[in-house]
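What follows is one structure encoded as structure tokens, with my remarks underneath.
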Amino acid sequence: MTKIKESTTTNKTEETQTLPDLLKPGLSLVFVGLNPSEYSAREGHYFANPRNRFWAAFNQSALLPHALGRPCVPSDDAALLDYGIGFTDVVKRPTPQGNALKAADYRRWAPLLREKLLQYQPRLICFHGLMAYKSYLRYAENDKSAPELGLQPRNIGPARIYAVPNPSPANARYSIETLTTWYNAAAATLSLKS
């Protein structure tokens, strides 16, 4: 478990538990969420909330490593590094919902994300949700454009960027089947880069 230091309004610094980055050189794919939910941070795994649709859609998609031989669960997040899949967030501060984040969170964390992605140079970066990608663009790249879902026209270093719907329960308008379709499209993009 990773701890981050946060300053409060009383100038007292406290440590908050967050999810560690699951990154290493040579990854094929890195999933980038907006920020960890408090539930996931407590559990110590990405997309740990049973209502989150990430694992259900991932398991039905072409991204699931066939060599694994079984569906994945949240506790498999670190093991996926061995299959070329990593995880991180735009902001590392856990909140109950993404709308609790402040501009200061993005100013602090988005440039750090850019540095990490440039350091590790995955082949494809998959942002979960346009809010995550737009926040990254604004605070790390000083770009206020309005991207759409799908393959993006820009790279981060050599890595292509793909934006998919956020699988959060708060974004329930996208079904598991729709999310799976987006993950399959990201997998096809990854295959084209091989």
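Quick look at the values:
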item: Unique residue being buried (at least 18 other Cβ atoms within 10 Å of the Cβ), more than 19 Å from Ala163 (Cα to Cα) and touching a residue at least 24 places away in the same chain (Cβ under 8 Å) when the list is Leu124, Leu80; result: Leu80
item: Members of the stretch 103-128 that are within 14 Å of the chain's Cα centre (by Cα) and modelled with pLDDT under 95; result: none
item: Complete set of residues in the stretch 28-43 that are of a type in the set (A, V, I, L, M, F, W, C) and either farther than 19 Å from Ala186 by Cα or over 14 Å from the mean Cα position of the chain (by Cα) (or both); result: Ala41
item: Filter result for Leu64 (more than 19 Å from Ala163 (Cβ to Cβ) and in a helix (DSSP H, G or I)); result: no
item: Unmet requirement for Ser168, which otherwise passes all of (1) buried (at least 21 other Cβ atoms within 10 Å of the Cβ); (2) at pLDDT 95 or above; result: (2)
item: Per-region count, the stretch 44-77, residues farther than 20 Å from Ser191 by Cβ and without any contact (Cβ under 8 Å) to a residue 60 or more places away in the chain; result: 14
item: The listed residue being modelled with pLDDT of 95 or more and touching a Lys or Arg at 6+ places or on another chain (Cβ under 8 Å), out of Val91, Val73; result: Val91
item: Residues that are of a type in the set (A, V, I, L, M) and exposed (fewer than 15 other Cβ atoms within 10 Å of the Cβ), drawn from the stretch 177-194; result: Ala188, Leu192
item: Criterion violated by Gln97 - all others in (1) under 15 Å from the mean Cα position of the chain (by Cα); (2) buried (at least 17 other Cβ atoms within 10 Å of the Cβ); (3) modelled with pLDDT under 95 satisfied; result: (2)
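The values are calculated or read from the model by the stated rules, or taken from the named source; none is laboratory data. Since the structure is predicted, the reported quantities are computational estimates derived from the model, not experimental observations. FYI the Cβ positions are ideal-geometry reconstructions off the backbone, even for glycines, and counts take in every protein chain you see.
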